[in-house]
Structure formats: structure tokens, C-alpha cells
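Take a look at the structure below.
The values are calculated or read from the model by the stated rules, or taken from the named source; none is laboratory data. On a predicted model such as this, the values are computed, not experimentally measured, just so you know. Note: ideal-geometry Cβ built from the backbone for every residue, glycine included; neighbour counts use all protein chains shown. Quick note on the areas: whole protein, heavy atoms, side chains included, nothing else; ligands and nucleic acids left out. Shrake-Rupley method; radii C 1.70, N 1.55, O 1.52, S 1.80 Å.
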Amino acid sequence: MKRNREWLRTGAEFMLLSLIQEQDRYGYEIIKELESRSDNTFEMKEGTLYPILHRMEASGYLKSYMAKGENEKKRKYYRITTAGQKQLEEERAIWEQFSNSVKRVVNTPQTLTSS
């Protein structure tokens with residue numbers, strides 16, 4: 001669905017920071033977790049994910065490191081930094097305000113007015 005791509009684009013950093021805050025993660029794991037938790041509403045390709053991760057790392061929100069994962073395979077993991085925690089808190093506050101405002105608009109009963 002086209003809208004899901006747009007929603008993913010606008011909320012990607014917020015969702016990725018949220019996932020990485022829970023635990024250090026590598027790229028493929030992030031993609032699968034995002035898909036799983038969203039019931040496949042948000043599907044992200046590697047070509048979309050890695051530029052976002054690199055941009056967040058350049059902004060100081062994430063730090064990457066190489067480590068062996070399952071099967072002794074070396075993977076690049078990402079962990080959230082103090083700056084990333086602060087950014088996540090700011091994004092969460094913005095999201096709460098936005099989502100509450102949308103809910104008030106769409107869940108407010110309509111009243112019929114006479115013209």
C-alpha cells in the first residue's frame with residue numbers, strides 16, 4: 001500500500017530508535033522485527049534501511065560495532081547512544097501529541113448542524 005511507504009518514511013527513525021533502544025540489533029534483525037511487530041504493514045528493504053542507519057550514526061544517535069552473532073557469523077550491530085536516547089524521547093513526545101490530536105479529530109462524534 002502506497003500510504004504505508006509514506007508512513008514508514010516519516011516514522012522510520014522513531015521506530016528504528018525504539019527497536020534499537022531495547023537491545024543492540026543488526027540490519028536484517030531490524031527489518032524482520034519491524035515487519036513482525038507491524039503485522040507486515042511496514043516492510044523495509046536493506047537499500048532503505050542502511051542509509052537511514054548510516055545517517056543516524058552520522059548524527060550521533062547510533063554507534064555501530066562488529067560482533068559475532070548466532071552461527072559465529074560476524075555482523076554489524078547498532079546500539080543507541082545518549083544523544084539517540086534524547087532524540088527518541090523527543091520523537092516519542094511529538095508522536096504522542098500528533099497521535100492524540102488525530103484521535104481527537106477522528107473519534108469526535110459529528111454533530112448535525114442546521115444550515
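In the set (1) in contact with a Gly (Cβ under 8 Å, 6 or more places away or on another chain); (2) part of a helix (DSSP H, G or I); (3) open to solvent by less than 50 Å² (accessible area, probe 1.4 Å), S18 fails one condition alone, (1). Within the range 86-96, the residues that satisfy the criterion of being over 13 Å from Q21 (Cα atoms) and open to solvent by 80 Å² or more (accessible area, probe 1.4 Å) are E90, I94, W95, E96. Any chance the range 97-109 includes a residue that's in contact with a helix residue (DSSP H, G or I) (Cβ under 7 Å, 6 or more places away or on another chain) and open to solvent by 50 Å² or more (accessible area, probe 1.4 Å)? Taking every residue of the range 97-109 in turn, none turns out to be in contact with a helix residue (DSSP H, G or I) (Cβ under 7 Å, 6 or more places away or on another chain) and open to solvent by 50 Å² or more (accessible area, probe 1.4 Å).
Considering only residues in the range 27-67 that are of a type in the set (G, A, S) and open to solvent by less than 40 Å² (accessible area, probe 1.4 Å), the one that is modelled with the lowest pLDDT turns out to be S38. Within the range 68-85, being basic (K, R) and either open to solvent by less than 70 Å² (accessible area, probe 1.4 Å) or under 17 Å from E22 (Cβ atoms) (or both) holds for R75, R79.
Restricting the first member to the range 87-98 and to residues that are over 22 Å from E57 (Cβ atoms) and touching a residue at least 12 places away in the same chain (Cβ under 8 Å), and the second to residues that are part of a helix (DSSP H, G or I) and open to solvent by 100 Å² or more (accessible area, probe 1.4 Å), no beta-carbon pair is closer than 7 Å while six or more apart or on different chains.
Is it true that Y50 is over 13 Å from E13 (Cβ atoms) and of a type in the set (F, W, Y)? Against the criterion (over 13 Å from E13 (Cβ atoms) and of a type in the set (F, W, Y)), Y50 qualifies.
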